[in-house]
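K.L.:
The following block contains the structure, expressed as structure tokens.
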Amino acid sequence: MADIEGYCPTFWPAQLFLCSRFAHLRSAMPSPATLIGFDVEAVRADFPILHQTLNGNPLVYLDNAATTQKPQVVIDSLVEYYTQYNANIHRGLHTLAERATAEYELTRTTVRDFIGAAEAEEIVFTTGTTGGINLIASTYGRANVQAGDEIVISAMEHHSNIVPWQMLCQEKGALLRVIPMTDAGELDMEAAAHLITPRTKVVAVVWASNSLGTVNPVQELIQLAHNQGAVLVLDAAQAIGHFKVDVQALNVDFLVFSSHKLFGPTGIGILYGKRALLEAMPPYQGGGEMIKDVTFERTTYNELPYKFEAGTPNIADVVAFRKAVEYVQNLDRPAAEAHEQALLAYATAALQAAVPDVQLIGTATDKIAVLSFVVPGAHPQDLGILLDNYGIAVRTGHHCTQPVMDRLGIVGTVRASFSFYSTLQEAEYLAQKLARVVKMVRG
């Protein structure tokens, strides 16, 4: 990143100094890696896509909430599968099939250990977070929600954790209840305690908001749900890449996330469910693999987890996902989390200094490294397009959280979302170029 114009090579977390104001102190400041014990440049070397120019400028990738980039080991794993042991799994007896099956199932046990599940059978491969939520709504939901029952979600949910529950409520004659949020983007937990009642059958909430960055008090929500006999479905799509997950410590009933938000391939996801719940649920789809015996009169379904994995799965991407999980497991995660929080703090201060009237959207006390903002007189889409001209990739719009935008009275935001391979130089560069494009938009 040394070729980014005006980059800030050092950082002092206690002061949040901006480079332009404190350039004379640079020589006295230790490097970020020394301060927080995380060597970001060594990590960046593992991600080939980051080392390129875009529109004549070094790529500054700040759209990690949409999808994360992939380390070389993940890319190599895909090539290895297709060039060395491409075969269908589980039913084949030849060498390629046996190896493919072993590699596929090894991902399942790796994910089990990664999220602290009790057994591999509680790990179901899906198409992603959306696929996992729809599976739960269509199986557990249809079997357990009746007319007059209630489903509770929050005001900051992604559309994928709203629409499936709306559809179920319409089908069953149930009521969808919504936990409100504050202007800062935090859930009103007093209201949550009143909304979750004996009529509640399912509570479905996001752990970390993709549009606000808010980290919700899920342990408290899980307890509120269990106190009323409800199950809790936890959307961990954003959380999984930012901090450690332990499903048994949480005592969560269901948890879903996507591979591509955890540095793995697109098109696959994970559904964790407690064994007793999964055992009682009907299959989601019919076909091969999810059966034990089929006649024209009746079908006997397969055991867990295969009951929910009909048809030929996305074998190559499941295998490659294990490499992503192992990559994250080998990181110093506390140091990576500290690095991300330093980035969030620095970028927030830098943007406010560069554009004094910038309005931050989502100012919760507990956040992942997501920085959403609007600038008066400048449409988010215009800002995103102009920033792209400088090689800066940010996301603009409602981020599939239209109710959040309606609640805050805005059409959308510019969202810069960081990962552990993001740098302080990139945060400074974003602030500098934002100031420039705002002047362009305002004329």
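The values are calculated or read from the model by the stated rules, or taken from the named source; none is laboratory data. Small disclaimer: the values here were computed from a predicted structure and weren't measured. Neighbour counts are summed over all protein chains in view; Cβ atoms, including those assigned to glycine, are modelled from backbone coordinates with ideal geometry.
K.L.:
Report whether or not Val145 is under 24 Å from the mean Cα position of the chain (by Cα) and of a type outside the set (Phe, Trp, Tyr).
P.N.:
no
K.L.:
Right, next: Could we say that Gly384 is surrounded by 22 or more Cβ atoms within 10 Å (Cβ to Cβ) and without any contact (Cβ under 8 Å) to a residue 60 or more places away in the chain here?
P.N.:
The answer is no for Gly384.
K.L.:
Taking Val203 as meeting all but one of (1) crowded, with 22+ Cβ neighbours inside 10 Å; (2) in contact with a Pro (Cβ under 9 Å, 6 or more places away or on another chain); (3) more than 25 Å from Asn64 (Cβ to Cβ), write down the number of the exception.
P.N.:
It fails just one condition, (2).
K.L.:
Still on this structure, I have one more. Given the conditions (1) in contact with a Gly (Cβ under 8 Å, 6 or more places away or on another chain); (2) closer than 27 Å to Pro313 by Cβ, which single one is not true for Leu234?
P.N.:
(1)
K.L.:
Can you tell me which residue is nearest to Met405 (Cα to Cα) among those in region 368-393 that are among the hydrophobic types (A, V, I, L, M, F, W, C) and in contact with an Asp or Glu (Cβ under 9 Å, 6 or more places away or on another chain)?
P.N.:
Val375
K.L.:
Select, from Glu289, Glu337, Glu297, Glu303, the only residue that is acidic (Asp, Glu) and touching a Ser or Thr at 6+ places or on another chain (Cβ under 9 Å).
P.N.:
Within the list Glu289, Glu337, Glu297, Glu303, the selection yields Glu289.
K.L.:
Can I ask one more? Is it true that Glu279 is farther than 26 Å from Tyr85 by Cα, in contact with a Leu (Cβ under 7 Å, 6 or more places away or on another chain) and assigned by TED's automatic domain parsing to the domain that holds Ala137?
P.N.:
Answer is yes for this residue.
K.L.:
While we're here: Can you tell me which residue is nearest to Asn314 (Cα to Cα) among those in region 111-121 that are in a helix (DSSP H, G or I), in contact (Cβ under 8 Å) with a residue 12 or more places away in the chain and within 19 Å of the chain's Cα centre (by Cα)?
P.N.:
So, considering only residues that are in a helix (DSSP H, G or I), in contact (Cβ under 8 Å) with a residue 12 or more places away in the chain and within 19 Å of the chain's Cα centre (by Cα), the one nearest to Asn314 (Cα to Cα) is Val111.
K.L.:
Within region 308-317, is even one residue touching a residue at least 24 places away in the same chain (Cβ under 8 Å) and within 20 Å of Phe47 (Cα to Cα)?
P.N.:
yes
Yes or no, residue by residue, for (1) surrounded by 16 or more Cβ atoms within 10 Å (Cβ to Cβ); (2) free of Cβ contacts under 8 Å to residues at least 12 places away in the same chain:
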| position | (1), (2) |
| --- | --- |
| Gly37 | no, no |
| Ala42 | no, yes |
| Ile75 | yes, no |
| Thr83 | no, yes |
| Leu93 | no, yes |
| Glu98 | no, yes |
| Arg108 | yes, no |
| Ile123 | yes, no |
| Leu135 | yes, no |
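K.L.:
Can you pull out the residues in region 357-381 that are crowded, with 16+ Cβ neighbours inside 10 Å and β-branched (Val, Ile, Thr)?
P.N.:
The answer is Val358, Ile361, Thr363, Ile368, Val370, Val374, Val375.
K.L.:
Counting only residues that are assigned to a loop (DSSP other than H, G, I, E, B) and in contact with a helix residue (DSSP H, G or I) (Cβ under 6 Å, 6 or more places away or on another chain), which one in region 350-376 is nearest to Asn64 (Cα to Cα)?
P.N.:
Step one: filter region 350-376 for residues assigned to a loop (DSSP other than H, G, I, E, B), giving 355-358, 362-366, 368-369, 376.
Of the ones still in play, those that are also in contact with a helix residue (DSSP H, G or I) (Cβ under 6 Å, 6 or more places away or on another chain) are 355, 358, 369.
On the way: Val355: 23, Val358: 22, Ala369: 9 Å.
Applying the filter and picking the extreme gives Ala369.
K.L.:
Still on this structure, I have one more. Which ones in region 399-443 are in a loop (DSSP other than H, G, I, E, B) and aliphatic (A, V, I, L, M)?
P.N.:
Of everything in region 399-443, those that are in a loop (DSSP other than H, G, I, E, B) and aliphatic (A, V, I, L, M) turn out to be Ile410, Val411.
K.L.:
Return a yes/no flag: does region 298-318 have any residue that is of a type in the set (Asp, Glu), over 26 Å from Gln238 (Cβ atoms) and either in contact with a strand residue (DSSP E or B) (Cβ under 7 Å, 6 or more places away or on another chain) or modelled with pLDDT under 95 (or both).
P.N.:
Yes, region 298-318 contains a residue that is of a type in the set (Asp, Glu), over 26 Å from Gln238 (Cβ atoms) and either in contact with a strand residue (DSSP E or B) (Cβ under 7 Å, 6 or more places away or on another chain) or modelled with pLDDT under 95 (or both).
K.L.:
Under 7 Å between Cβ atoms, which residue pairs at least 6 apart in sequence (or on different chains) link something in region 410-435 that is without any contact (Cβ under 8 Å) to a residue 40 or more places away in the chain with a partner that is surrounded by fewer than 24 Cβ atoms within 10 Å (Cβ to Cβ) and among the aliphatic types (A, V, I, L, M)?
P.N.:
What qualifies is Val411/Met405; Gly412/Met405.
K.L.:
Right, another one. Exactly one condition in (1) farther than 19 Å from Val40 by Cα; (2) touching an Asp or Glu at 6+ places or on another chain (Cβ under 8 Å) is not met by Tyr327; state its number.
P.N.:
(1)
K.L.:
On the basis of being under 30 Å from His242 (Cα atoms) and in contact with an Asp or Glu (Cβ under 8 Å, 6 or more places away or on another chain), does Lys274 make the cut?
P.N.:
Yes; evaluated as a whole, the condition is true for this residue.
K.L.:
What residue, of Ala137, Ala143, Ala147, is part of a loop (DSSP other than H, G, I, E, B) and either within 28 Å of Gly362 (Cα to Cα) or of a type in the set (A, V, I, L, M) (or both)?
P.N.:
Ala147
K.L.:
Let me ask you something else. Among the residues of region 178-194, which ones are touching a strand residue (DSSP E or B) at 6+ places or on another chain (Cβ under 9 Å) and surrounded by fewer than 20 Cβ atoms within 10 Å (Cβ to Cβ)?
P.N.:
Answer for region 178-194, where residues must be touching a strand residue (DSSP E or B) at 6+ places or on another chain (Cβ under 9 Å) and surrounded by fewer than 20 Cβ atoms within 10 Å (Cβ to Cβ): Val178, Pro180, Ala184, Asp188, Met189, Ala191.
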